[in-house]
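Each reported figure results from applying straightforward, stated rules to the coordinates on display, with no laboratory input. For clarity, every value in this text was computed on a predicted model and none was experimentally measured. Glycine gets a Cβ as well: all are built from the backbone with ideal geometry, and neighbour counts include every protein chain shown.
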Amino acid sequence: MAQVILVTAYADGTIFDPDGHNANMHTVAGGAGLFSEANGSLEAGAGGNLAAGFAVLAEHVRPAGVVAADRVVAARKMEFYSNGAYDSVGTERTFVQIGDCGFTFVSEFDESIVLLQWQFFIHQWRYLAYWNASGIDDNPVVILKAFLDGTALEYTRRPLASTAHLLDDTGGVPDHKYRNSESLAAQWWSMAAAVDSLGRGTHELSIRMFMDPGTSLVAINRTIGATAAAPYEHRCYNRATFGVRAAGGIAFHGLP
Amino acid sequence: MYRHPKYRIRDEEPLSPELINEVAQPLAAKRHRIDGHDVNAASMAADVDVADNAYYKIRVYTDADGWGLGPPPYSMPTTGDGDPVTDGPVWEAVPNMSFTVTTGLGHLWINMWVQYIWHTFFLWVADSHHAYNYVSVSNDDGFGAGIRFAVRIDGEIYSGTATGHSDIRQVGSAAIKAEPEITTTPDVIGPQQPKSQHTAGVGPQCFPIRIFAIVPIDPGEHTVELVVCRVKFSRTYAPTATALVTSGTDRLHVYGRQAFIMEIPSWPSVAATASVEIPAMQSEDTVDQIALSTNRMAVLTTAYNNIPTGAIARGGLQHRQLPRAVYDWAQVSIEPGSGGVATDDFYPGYANTIGTVLEGVANRTNQSGWYLLEDAMGATFDTVANHPAAFNATDPGLFLVLANIQCASIERDGAHDVPSLFGQYAIAAEGDLDGTAVVQWHVNAASQALVNNFNTFGLPARADDVDPEEMDVAIMAIYDFRTVQLTSDIVRFGVVAASATEVGGPGSRCRNRWRHGSMQVFRFRPGVL
């Protein structure tokens, strides 16, 4: 019940009724009392307190009360090498966070829907040994994945393409050279994830990478002028380089 | 804020003017500063009307600018409809992607999307259009397109949006070393490093670019632009189809493009007021029905039973008293089996977007039209699983759909070493979007993305290298029903794919293979920026 109804009328010629007047001002049970109705019981809808044509306008909304946005950005280059800090051969055990490509944010309300977005420029020197000295192809993986509060968002799992094509001569391929498609494969990734029921508190989006270090020794032809030198073994690693990048979030509040 | 009667009048207590004034006057003052404490939150959130511009304002732009790759039999994409990008490291605005907006204090949330195609050295003599030509990885080690896009605000490139390196002379190093590092081979001086490449911009020959930005803004007029510059380090590609090539340089054109700009206010403007005036009770005033009821209590009662818009305090309401800032939303995702999923259905052409979506494994192969993506278990990549209800398209609103697809490879008959293999992705909606009273799939033309087998052409065939491309295809679609609505709701949104090759056309089995994917659908409130 929202409409204010005075319980006591003020008729001329009658004795002033203090209790009735007090009830007109405030009632514990509600349904009457100007103060008590206005202290949290004003309602919208039919039978409510709002005038015809009432509408919430922009000036009535608390700053960031229904939509809030935040982001982090970075422009400096960041490089990762597979022989750096990774110890999990052949598994996806160790995902390492990409600096400045993720952010920590505070969710104020339980009811919020948050659209998280992240983007980065990436190019990689990821080798694919067609035939290495032991006769086995070697193509150690590099995988990116987004994590929210430490839990992987599996649908964001993305391997990186091979760009360093190492063509050994032990497998019968006559062209035992090195092809590089790193410039061709350089990409801009812009991804998103929507979440609700995050709950109030601090949350963290992080973009992480796993690099299998591999173990490849590859024989590559090295040519000086017109003279082809003998294939010479090289130890290969993977590198992923991040350029401009950003992460951000838009929180949509309000009751569903 | 909460207020209570200052006095409780007791029996036989002298009725002074103060007793009346100090309960009545605060009520009058409170009525034009009503805030979140004063309202029933659940009732307000459920039933209150919210003005179109109350939460945010939105500006959108869509341009379905075709790339000249029509229906089968295919030719190569031509530059007929696109806009050329000037070579050189100078930022220039992408045509039609400059927007002037007037805002208050707050943030701009920006999503921009564009499709580019790098037309390499291939001059189509007949109509002087440059056509697409492939780039071989084996040809000069396959330098990329070197294209950078960015969001520019009031003339300044906004940090975090330039699709490349801040240092345009960036060179990647080869993560390789000779073993042993000192060689005894007489014709080689020490260890030799393979050469590296300049890599400062995006490389594939054709690729969609989606950029987001969250930009703090001051009150006033602002110019928001999508800008582009080409950081090109190589012009060494030789013409290949010599019968058609005379001379000329390579070209890079932009095609379909979209913009979504939302102003999110962070400081409310000054609110109008709707005050209630009641006279103060003076000494010696007569306490009668007119004084107490007509001039005071009845006025206040009416005031609290008929609250006008102007009675709400500036910034007085927040999330608990208000309906949600988005009308509706959904997210869906697919995850692959071990080998991913592929379709070789034929691309029906850029303009062929109505009723051409096919579903089900039986329709995945050798059909003409778009194919609704699915995972290896047959779950379709549409919103039904997480949002079985239809999306309201009969009331004013605006949809923003974002999708990402892990495109693993574009191949033909198991081989990647084939020129001009294309994969297409787009966002589609099922409903009566064209007013024909037929509920069917409509592919969003402006969302069409074109990708190709950029990464391995020119390399020896390798049967086990099944996923050489490994790109993330980011697409986006805007459905603006703020002014004109549909007559029925949208049943579902989905992501569709097709494939095309100018080598043989239909039946050539160009396969477009994907693995993971995700899609976010948001239905926003109206509001015009």
**Request:** Go ahead and run the numbers for FRET between B:Thr100 and B:Ala389, Cβ-Cβ distance against an R0 of 56 Å, rounding to 0.05.
**Result:** 0.90
**Asked** So for the pair B:Asp218, B:Ser275, with labels modelled 7 Å out along Cα→Cβ, what separation do we get in nm?
**Response** 3.3 nm
**Fill in**
Interchain or sequence-distant (5+) residues whose placed amide H lies within less than 5 Å of the amide H of B:Arg412 are B:Arg511
**Fill in**
Measuring from its Cα centre, chain B shows a charge dipole (+1 at each Lys and Arg Cβ, -1 at each Asp and Glu Cβ) which, in debye to the nearest 20, is 360 debye
**Message:** Starting from 0.36 nm per residue, how many nanometres of slack lie between B:Lys6 and B:Asp49 once their C-alpha separation is accounted for?
**Reply:** 12.1 nm
**Fill in**
Length-normalised contact order of chain B, Cα under 8 Å, at least 6 apart, in percent, tallies to 23 percent
**Whole-Hz ³J(HN,Hα) from phi, Karplus 6.51 cos²θ - 1.76 cosθ + 1.60, for segment A:180-195, glycine and proline x** = 10, 10, 4, 5, 5, 8, 4, 9, 10, 9, 10, 10, 8, 8, 10, 9
**Prompt:** Semi-axes of segment B:360-420's equivalent ellipsoid from the Cα gyration tensor, sqrt of 5 times each eigenvalue, largest first, rounded to whole Å?
**Reply:** 31, 15, 12
**Message:** What does the net charge come to around B:Leu69 if you take all other residues with beta carbon closer than 13 Å to its beta carbon, with K and R at +1 and D and E at -1?
**Reply:** -3
**Request:** In debye, nearest 20, what is the charge dipole magnitude of segment B:376-443 about its Cα centre with +1 on Lys and Arg Cβ and -1 on Asp and Glu Cβ, if you could check?
**Result:** 120 debye
**Item:** In order through segment A:237-251: 3J(HN,Hα) via Karplus (6.51 cos²θ - 1.76 cosθ + 1.60), integer Hz, x for Gly, Pro
**Value:** 9, 10, 9, 10, 10, 9, x, 4, 7, 7, 9, x, x, 10, 9
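Quick one: order A:Trp118, B:Trp329 by neighbouring beta-carbon count within 10 Å, fewest to most. Write down the numbers at each step before the final one.
Working: A:Trp118 26, B:Trp329 23.
Going from least to most buried by this count: B:Trp329, A:Trp118.
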**Asked** Taking amide hydrogens as modeled 1.01 Å from N in the peptide plane, which residues meet the under 5 Å criterion relative to B:Leu529, leaving out close sequence neighbours?
**Response** B:Ile58, B:Arg59
**Item:** Cα gyration tensor category, rounded, prolate or oblate, for chain B with a/c compared to 1.5
**Value:** prolate
**Message:** Using amide H atoms built in the peptide plane, which far-off residues or other-chain residues are under 5 Å from B:Phe481 H to H?
**Reply:** B:Gly397, B:Leu398, B:Phe399
**Item:** Per-residue ³J(HN,Hα) for segment A:48-62, Karplus 6.51 cos²θ - 1.76 cosθ + 1.60, θ = phi - 60°, Hz, x for Gly and Pro
**Value:** x, 9, 8, 6, 4, x, 5, 8, 6, 9, 4, 6, 8, 8, 4
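Can you sort B:Thr302, B:Thr163 from fewest to most other Cβ atoms within 10 Å of each residue's own Cβ?
Listed from fewest to most nearby Cβ atoms, that is B:Thr302, B:Thr163.
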**Message:** What whole-number volume per residue, in cubic angstrom, does the convex hull of the C-alpha atoms of segment A:1-55 give?
**Reply:** 83 Å³
**Prompt:** Which listed residue (B:Ser518, B:Met44, B:Ala446) has the Cα farthest towards the positive end of the charge dipole for chain B, taking +1 on Lys and Arg C-beta and -1 on Asp and Glu C-beta about the Cα centre?
**Reply:** B:Met44
**Request:** Treat the count of other C-beta atoms within 10 Å as a stand-in for reagent exposure and order A:Ser181, B:Ser518 from fewest to most.
**Result:** B:Ser518, A:Ser181
**Message:** Just to verify a number: FRET efficiency for A:Asp12 and B:Ala42, C-beta to C-beta distance, R0 = 45 Å, to 0.05?
**Reply:** 0.65
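Would you calculate, for chain B, the mean residue ellipticity at 222 nm contributed by helices, counting each DSSP H stretch of 4 or more residues as -39,500 (n - 2.57) and dividing by all residues, to the nearest 500?
Theoretical 222 nm ellipticity from helices: -1500 deg cm²/dmol.
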**Item:** FRET E, pair B:Ser196, B:Ser488, Förster distance 60 Å, beta-carbon r, rounded to 0.05
**Value:** 0.60
